[in-house]
1. What about ASP169, is it touching a residue at least 40 places away in the same chain (Cβ under 8 Å), touching a Ser or Thr at 6+ places or on another chain (Cβ under 7 Å), acidic (Asp, Glu) and under 17 Å from ALA239 (Cβ atoms)?
2. Any chance segment 115-131 includes a residue that's within 29 Å of VAL244 (Cα to Cα) and of a type in the set (Val, Ile, Thr)?
3. Would you point out the residue of segment 155-164, among those that are open to solvent by less than 50 Å² (accessible area, probe 1.4 Å) and out of contact with any Ser or Thr (no Cβ under 9 Å at 6 or more places or on another chain), that is nearest to ASP111 (Cα to Cα)?
4. Out of segment 199-218, which residues are over 17 Å from the mean Cα position of the chain (by Cα) and β-branched (Val, Ile, Thr)?
5. Just checking, how many residues over segment 35-51 are closer than 21 Å to TYR132 by Cα, crowded, with 18+ Cβ neighbours inside 10 Å and not hydrophobic (A, V, I, L, M, F, W, C)?
6. Here's a check for you: in segment 64-110, which residue that is among the hydroxyl-bearing types (Ser, Thr, Tyr) and open to solvent by 40 Å² or more (accessible area, probe 1.4 Å) is farthest from GLY130 (Cα to Cα)?
7. So PRO206 ticks every box in (1) buried (at least 16 other Cβ atoms within 10 Å of the Cβ); (2) touching a residue at least 60 places away in the same chain (Cβ under 8 Å) but one. Which box is left unticked?
Amino acid sequence: MAAVTSTSAPLIGVAHFSSISLPPVEFAKAAARAGFSRIGLRLNPAFPGAPYYELGGSAAGELKSVLAGEGVEVFDIEFFVIDPSFDASSVEATVAAAAHIGARRLSVCGDDPDHARLVSNFSEFCGLAGRYGLAVDIENMGWRVIKTFQDSVGLVKASGARNAGVLVDGVHFFRNGGTLASLKTEIGWVKHVQLCDVAGPAPVTPEEMIAEARGGRFAPGEGELPLKEVVAAVDSSAAISVEVPLAGSAPPETHLKHLYDKAEGLFGRDR
């Protein structure tokens with residue numbers, strides 16, 4: 001049974017990577033008990049060997065039943081890497097599965113140094129997503145070709161895709177030159193914000209960046225990022241979720257509850 005929340009509680013989602021050891025059904029249940037109203041699911045690998053889940057056979061039906069019972073919706077599906085070998089048609093089955101379980105958006109990163117090809121493949125993927133009623137958000141990462149927030153905005157603008165947007169992840173945004181001023185300037189392109197925190201000097205090498213992103217994040221409000229200001233800037237114009245991978249031995253349910261409580265503290269109760 002889903003946790004009971006007040007009507008004034010903020011709508012907060014949680015990324016699957018926060019407790020990736022839980023299969024989709026168990027993740028949905030744990031997220032609901034923690035207080036989350038939306039979840040993201042990782043149905044495509046972010047890198048070779050990365051954990052992800054498939055929803056074949058009866059799995060999708062079981063998940064939809066659990067989502068309805070828990071009062072939770074699937075917001076986004078991760079993760080698609082648009083690199084030189086990317087072929088949108090090769091992931092159509094995953095896109096179809098995302099639509100079948102009620103997802104709204106797909107999350108991607110750009111990692112092709114051939115800008116024209118990157119724009120073309122991103123546009124093609126947006127077209128595929130649009131045929132299934134889905135939108136696409138590009139997320140910048142310091143070790144990828146699309147490194148900065150401005151790179152993400154530029155790609156969306158170049159694509160001309162009406163269903164394209166930008167995903168702002170706290171770590172990737174601020175560690176790669178993003179500022180509150182730049183966020184406010186381009187706020188119309190931002191459709192999804194993932195809250196997480198960090199502290200200390202920014203990593204420099206790709207290896208250090210990857211290590212921080214996958215194992216060095218803090219719950220919102222436990223580091224140095226101006227997350228309250230980010231939440232205030234986006235107001236209700238973008239969806240809000242949390243992505244903080246579980247590091248250590250805490251049970252996934254305990255971790256998720258902690259993330260929800262910390263994220264909720266960034267909001268006014270009248271949101």
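1. Values: touching a residue at least 40 places away in the same chain (Cβ under 8 Å): yes; touching a Ser or Thr at 6+ places or on another chain (Cβ under 7 Å): no; acidic (Asp, Glu): yes; under 17 Å from ALA239 (Cβ atoms): yes.
Against the criterion (touching a residue at least 40 places away in the same chain (Cβ under 8 Å), touching a Ser or Thr at 6+ places or on another chain (Cβ under 7 Å), acidic (Asp, Glu) and under 17 Å from ALA239 (Cβ atoms)), ASP169 does not qualify.
2. No.
3. Taking segment 155-164 first, the residues open to solvent by less than 50 Å² (accessible area, probe 1.4 Å) are 155-156, 159, 161, 163-164.
With out of contact with any Ser or Thr (no Cβ under 9 Å at 6 or more places or on another chain) added as a condition, the list becomes 155-156, 163.
Working: LEU155: 12, VAL156: 14, ASN163: 20 Å.
Ranking the qualifying residues of segment 155-164, first place goes to LEU155.
4. Once the filter is applied, which keeps residues that are over 17 Å from the mean Cα position of the chain (by Cα) and β-branched (Val, Ile, Thr), segment 199-218 yields VAL204, THR205.
5. Here is the first cut: in segment 35-51, the ones closer than 21 Å to TYR132 by Cα are 38-45.
Now drop any that are not crowded, with 18+ Cβ neighbours inside 10 Å, which leaves 38-44.
Cutting the leftovers down to not hydrophobic (A, V, I, L, M, F, W, C) gives us 38, 40, 42, 44.
So the answer is 4.
6. Just the residues of segment 64-110 that are among the hydroxyl-bearing types (Ser, Thr, Tyr), to begin with: 65, 85, 89-90, 94, 107.
Retained after the next criterion (residues that are open to solvent by 40 Å² or more (accessible area, probe 1.4 Å)): 65, 85, 89-90.
Details: SER65: 25, SER85: 21, SER89: 13, SER90: 16 Å.
So the residue we want is SER65.
7. PRO206 satisfies every listed condition except (1).
The values are calculated or read from the model by the stated rules, or taken from the named source; none is laboratory data. All values derive from a computational prediction rather than experimental measurement. Here the Cβ is made from the backbone with ideal geometry for all residues, glycine too, and neighbour counts use every protein chain on show. Each accessible area value is taken on the protein alone, full model and side chains, heavy atoms only, with ligands, DNA and RNA left out. Shrake-Rupley method; radii C 1.70, N 1.55, O 1.52, S 1.80 Å.
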